[in-house]
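The values are calculated or read from the model by the stated rules, or taken from the named source; none is laboratory data. A quick note: this is a predicted structure, and the numbers were derived from the prediction, not measured. All Cβ positions, glycine included, derive from the backbone under ideal geometry; neighbour counts span all protein chains shown.
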Amino acid sequence: MEFSKPLLTVSPSPHLHSGMTTSGMMGTVILALLPACFVAVYLFGLPALQVLLICVFSAAAMEVLWQKATGRRVTVTDGSAAVTGLLVAFNLPPSSPWWLALLGALLAIVVGKQVFGGLGHNPFNPALVSRIVLLVSFPTIMTHWSAPQPGRFFADAVTAATPLSEMQTTVTLTGSLPQNATGFPTGYLLGNMAGCLGEVSALALLFGALFLLWRRVISWHIPVSYLGTVIILSSLFWVIDPSRYPNPVFHLLSGGLMLGAFYMATDLVTSPLTGRGMLLYGCGCGLFTVLIRLFGSYPEGVAFSILLMNAATPLIDRYLVPRPFGMSRTGGLP
Amino acid sequence: MLAAVISLGSLGCFAAILLAMAARRFAVKVDPRQAALLDVLAGANCGACGYPGCSAYARALVAGTARPDLCRPGGPETLARIATILDIEVAPGEPQIAVVRCRGDRQQSRAKYDYQGLEDCRAAQKLAFGPKTCPGGCLGLGSCVQHCPFGALSINEQGLAEVDRDRCTGCGLCVSVCPRQVLALAPAGSHIHVQCNSPDAGRKVKNYCHVGCIGCRLCIKTAPECFVMEGFLAKVNYGHQKPTAMADAMERCPHHCIQDLAEPGEAAPHSPSVEERTS
Amino acid sequence: MKRRSFPGGTHPPQHKSATADTPSEICPLPPELVIPLAQHVGAPAVACVNAGQRVGRGQVVGKPNGFVSVPVHASTSGLVVAVESRPHPCGAELPAVILQPDGDDVWAEEYLTQSFHVLTTETMLERIREAGVVGMGGAAFPTHVKLDPPHGKTIDTAIVNAVECEPWVTADRRVLLEQRDKVLTGLEVLQKISGARQMWIGLEDNQTDVAALLAPHCKQRGVGIAIMPAKYPQGAERQIIYAITGRRVPTRGLPMDVGVLVQNVGTVAALTDAVTRARPLIERMVTISGPDVARPRNLRVRIGTPVAHLLKHCGLREEAAKVLLGGPMMGTAQHTLAVPVLRGTSGVLAFRRQDITAPAVGSCLRCGRCVAACPMHLLPTFIADYARRDALDLAERFAARNCIECGSCSFVCPAGIPLVQSIRYAKGAILARRRST
Amino acid sequence: MIHLLLILVGAVLVNNFVLARFLGLCPFLGVSKKVETALGMGMAVTFVMVVASACTWLLQYLVLTPFDLEYLQTIAFILVIATLVQMVEMIVRKSSPVLYQSLGIFLPLITTNCAVLGLAVLNIQQGYSFVESLVFAFGAAAGFTLALVLYAGLRERLTLCPVPDAFRGTSIELITAGLLALAFMGFAGLVPG
């Protein structure tokens, strides 16, 4: 009597799958980030390429090492470590030393993600955790910016200030805005400013973001509510005192707002699940970003505000539960 | 110095009066036995007693609405202490242990279909009543392992559940979790068990399992009263065990479903106390 | 023509072209019919024939048992071989009448054609019940019960559900094209019994050709055609009601609570036979399709025909690795091909080994796709997570019991988590707990 | 008004008692397993803080300063706070046994909670007026509650995570708390002074 004849497969319904998998989504994100990568290398030359490569590969390597060491299934092929690595690189100054890039990737993968149990369990955006830890630990290196030198790959770095830090310094010293923050700096669209490796070219980021929206990897809720809140709030201040507060276009294009709104705040794991939750989350991000940029002692508030709203995500998910279809308004959840 | 003493003294007096008044106004009575009970309960919050956690059970005990012998992980020792606290008399029950009543692993028994889905027996049982042809066989997807609060269960390489006799406290949680009642509680002192749970007649069992009970009654003929039939399935009569006769029956069982689960180091396949009480 | 839909849902690939425009064929009788006594929601019928007895086509072989129950009929004339337990599509072995066709296929009695206009509602309901008409979209709920709402509930809108949102399945489309007159008469019967003032036929926008064919006839009868975007699960009762009428069926309620009656196209066609000719429901349209089927098509199949016979008739490319009854989103996978076609079976789909590779199960990304897809506005990932941890209270608080098990969440989950299976388990466990307390 | 608002925002966000001043860490780590409990604890602390700062302010400026007894500040404040907490405990126990049970040992521990004493002392050090000190107390308590509830939400999620064995329990909770504090660093400088 032999029991090994081929059997029919029985599985629970549904028996179809959309085909969109975790690795597929991560691959799409990487594709969307590529234009910004090219722009970064074009603007900042070889050092930027070095930072990008170190971050991506060390993030992947860290993930493999950690999962091997803790005896878990190695899931580096899902691409999430590579995405994290890329985003870490995007959040570093383009001329960061190699060890900073390495440390950043390590922090993101280990402290940001794996200690919580890996993909899907981290409460905070790993790349931002790494950025903030580095910013607090190495304030000088992390605020040492170089000016973009388009197409000059081997040029020596020229120190420059980011538009936001320049604004902060000038406002603190003189009480009014510097030259560059009073107009509508459309030059920033193409990346003609100093800043983190990946945040400088709003156009390249927007291009990738449209791709992500089209592929439905991210939904419109967070970017729209985030950017909308920033625009409304900054317009409000600008109307009150245009000589003291910069216009909304400056807010949108300078600093990491585009990167934050489309790629960091929309991080699937650390943002709310429901549409309403995402809207609230985006509004919170926008509010804190403007407050910190205008009144805080840090020139840039995107990273902090997203981390803060990450912390609020469990509460948002808990209290903004959608009303089931057909349940009365008064009924609520039993 | 004097000012300090006076001011702090009067402040203290004032506070004392305030507190005294509040204590009277907001007095709450609590039975001190409840705290004492909570201390002696096992503290695993396993829920085997049927209450959501140890403190709920303690409250029910004090209220007199719960039986005192429900804390299985605590065993007779806890029972005795509960009895002391509540000042009641109880007879200690026999400690129990979970037994896996199936030996039909992948080689020995027929699979009904290829299962794809959650690693959970109860979910799999809902798909065409489980991926094994035998309606009583262990599915080996580990629902019991996930639920055991003491880490006493595991799924072995052949895809069958296994009980670690040292860790099992006989709380019975796995018994209630298993969708096919493969796991059952038996006296911890007994070592010989019928390791089959198939309700089907022998003709059917032979068709899907090499090690299932076929209801041949050979064990009952060899060791009368030590075994009983329930439908087509032989069971050990735990209240009436004779080790030698049972060992004989074990030898003669054509499908080897009567098994001695004693650890290699352990002595007799039964405890003398069982013998004493039954004789 | 309205064009509305419902919030949520997904877009699975259609795969309908293989069978959509091929005329249906009559399936030859199998050597043995397995006619289960439980083919509907409610109490199973009780066998009223014995082994060795000769029966005519359409003869009652199982008597209804209670109000929510319908009789079961012999699908052809022949010899009752046995009344015994046989594999049933639900997975268990359940009592069935085993019938050996004699090939003559003669009706047990003559059925006369009669206009329904002269019949009373009671007579019509009785005939519907005697004919064993049940919901043929898959739920198999006895139609006479649905048409006879308790006192105090009035029906003002009747909807014929021709939204076939399950991929591959085209049976309803073929019924609509080939049995148009039956469907239209059935509509009138439906209107007369329910007293509905508004009548709708609901179609997806991939069926505009059917809509165009129906339009003149519907206009004549005052029946509206509602075209809805092709989206899954547009054909689910609550979703189609919302799309057409804008009414939301209360969570614990039924369509009749908002004055709506929904009937599947096949059921409506069966109503005509039942009422005007008093003929029992012994045959239905079944789509035989799937990547493994060599000659996919729609067949008019006698109830009780084993799946193995159908697949043999249509041919398999290679040995089937997975066979479904119903559509791929809500159908059930079978562990044996001995199971018969029931009144509620709309499709038989066969898949090869390479078609059924499930995505690797990872951990939840919290991407919210399941939330966006859920037509019931639930949080599938939360409920499934709580179900896996046996936190039934939390699962219930997040309205697990409202899940309609449409499968949209599992379909879109990038981590390949079998969400529906977990939620289904939670639903069962919650119900069991309610019963025990 | 602006001035009071700044004090409030400063106390809630910028100089958050838990995440920036690191006061009251004991209940922060102890009573944050569930959001409901955290909210209850936050309410209790808010009540104690506001009443305590009123009492201690009055005590300071009506008793201690006029009689040159400032050196008794600490002990007198502790006495007042201890009394208050005892009363809160009795009231909670009577009015909400469930909350009492879940707050457990941490209710009496508010007595020795450095956050309450710290608040009373800070009030005097900053030279706040009576109204200012009340606003400051409320802000500090709201900040404490905010941090506690945020942290409780995070911890509820943590219990569902397959954290590596080495990091289970307090270890991962402290990492989370650290990251939360890092996020709050962004508020630095938001309110001058």
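Assorted remarks:
- Filter pass, C:Val301 being crowded, with 21+ Cβ neighbours inside 10 Å, outside any loop (DSSP other than H, G, I, E, B), more than 9 Å from every other protein chain (Cβ to nearest Cβ) and touching a residue at least 12 places away in the same chain (Cβ under 8 Å): yes
- Any chance B:Ser143 is at negative phi and without any contact (Cβ under 8 Å) to a residue 24 or more places away in the chain: no
- Just so you know, in the stretch C:261-289 the residues that are part of a loop (DSSP other than H, G, I, E, B) and either within 18 Å of the chain's Cα centre (by Cα) or of a type in the set (S, T, N, Q) (or both) include one that is farthest from C:Arg352 (Cα to Cα), and it is C:Pro280.
- Taking the criterion of being touching a Cys at 6+ places or on another chain (Cβ under 7 Å) and surrounded by fewer than 17 Cβ atoms within 10 Å (Cβ to Cβ), no residue of the stretch C:1-40 qualifies.
- For D:Ala181, the test of being touching a Leu at 6+ places or on another chain (Cβ under 6 Å), within 14 Å of D:Phe17 (Cα to Cα), of a type outside the set (D, E, K, R) and away from every other protein chain (no Cβ under 11 Å) is failed.
- Top-ranked residue in the stretch C:101-126 [being touching a Leu at 6+ places or on another chain (Cβ under 8 Å) and surrounded by 12 or more Cβ atoms within 10 Å (Cβ to Cβ); ranked as farthest from C:Ile35 (Cα to Cα)]: C:Leu125
- A single member of D:Phe167, D:Phe187 is buried (at least 22 other Cβ atoms within 10 Å of the Cβ), modelled with pLDDT under 95 and at the interface with another protein chain (Cβ under 7 Å from one of its Cβ atoms), and it is D:Phe187.
- Condition met for A:Gly198 (on the phi > 0 side of the Ramachandran plot, in contact (Cβ under 8 Å) with a residue 12 or more places away in the chain and crowded, with 21+ Cβ neighbours inside 10 Å): no
- Any hit, the stretch D:63-78, residues being in contact with a Pro (Cβ under 9 Å, 6 or more places away or on another chain) and either in a helix (DSSP H, G or I) or in contact (Cβ under 8 Å) with a residue 12 or more places away in the chain (or both): no
- Selection count, the stretch D:152-164, where residues are part of a helix (DSSP H, G or I) and either of a type in the set (A, V, I, L, M, F, W, C) or within 8 Å of chain A (Cβ to nearest Cβ) (or both): 6
- Single condition C:Asp390 does not satisfy, out of (1) in a helix (DSSP H, G or I); (2) modelled with pLDDT under 90: (1)
- Check on A:Gly275, closer than 17 Å to A:Ala312 by Cα and touching a Phe, Trp or Tyr at 6+ places or on another chain (Cβ under 6 Å): no
- Any hit, the stretch C:70-88, residues being part of a loop (DSSP other than H, G, I, E, B) and either of a type in the set (Lys, Arg) or at pLDDT below 90 (or both): no
- Within the stretch B:113-126, residues that are at the interface with chain A (Cβ under 8 Å from one of its Cβ atoms) have Cβ atoms under 6 Å from residues that are among the aliphatic types (A, V, I, L, M) and in a strand (DSSP E or B) in these pairs: B:Tyr113/A:Val10, counting only partners at least 6 apart in sequence or on another chain.
- Residues of the stretch B:223-239 satisfying the condition of being over 22 Å from the mean Cα position of the chain (by Cα), surrounded by fewer than 20 Cβ atoms within 10 Å (Cβ to Cβ) and small (Gly, Ala, Ser): B:Gly231
- Here D:Leu59, D:Leu72 are screened, and the one residue that is buried (at least 19 other Cβ atoms within 10 Å of the Cβ) and more than 7 Å from every other protein chain (Cβ to nearest Cβ) is D:Leu59.
One line per residue, one yes/no per condition, for (1) among the small types (Gly, Ala, Ser); (2) surrounded by fewer than 22 Cβ atoms within 10 Å (Cβ to Cβ); (3) over 28 Å from D:Asn15 (Cα atoms):
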position: A:Pro242; (1), (2), (3): no, yes, yes
position: A:Gly275; (1), (2), (3): yes, yes, yes
position: A:Gly282; (1), (2), (3): yes, no, no
position: A:Phe288; (1), (2), (3): no, no, no
position: A:Ser305; (1), (2), (3): yes, no, no
position: A:Leu308; (1), (2), (3): no, no, no
position: A:Leu320; (1), (2), (3): no, yes, yes
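- The stretch A:161-179, subset without any contact (Cβ under 8 Å) to a residue 40 or more places away in the chain and either surrounded by 17 or more Cβ atoms within 10 Å (Cβ to Cβ) or in contact with a Leu (Cβ under 9 Å, 6 or more places away or on another chain) (or both), residue farthest from A:Ser254 (Cα to Cα): A:Thr170
- Tally, over the stretch A:7-34, of residues that are among the hydrophobic types (A, V, I, L, M, F, W, C), surrounded by fewer than 21 Cβ atoms within 10 Å (Cβ to Cβ) and either out of contact with any strand residue (DSSP E or B) (no Cβ under 7 Å at 6 or more places or on another chain) or more than 7 Å from chain C (Cβ to nearest Cβ) (or both): 5
- Qualifying residue in the stretch A:172-186 (condition: closer than 22 Å to A:Ser96 by Cα and either of a type in the set (S, T, N, Q) or modelled with pLDDT of 85 or more (or both)): no
- Taking the listed residues C:Ala51, C:Ala43, the one that is surrounded by 14 or more Cβ atoms within 10 Å (Cβ to Cβ), hydrophobic (A, V, I, L, M, F, W, C) and out of contact with any Lys or Arg (no Cβ under 8 Å at 6 or more places or on another chain) is C:Ala43, with no other qualifying.
- Helices (runs of 4 or more DSSP H) contained in the stretch A:225-332 and holding at least 3 residues away from chain D (no Cβ under 11 Å): A:248-253, A:275-295
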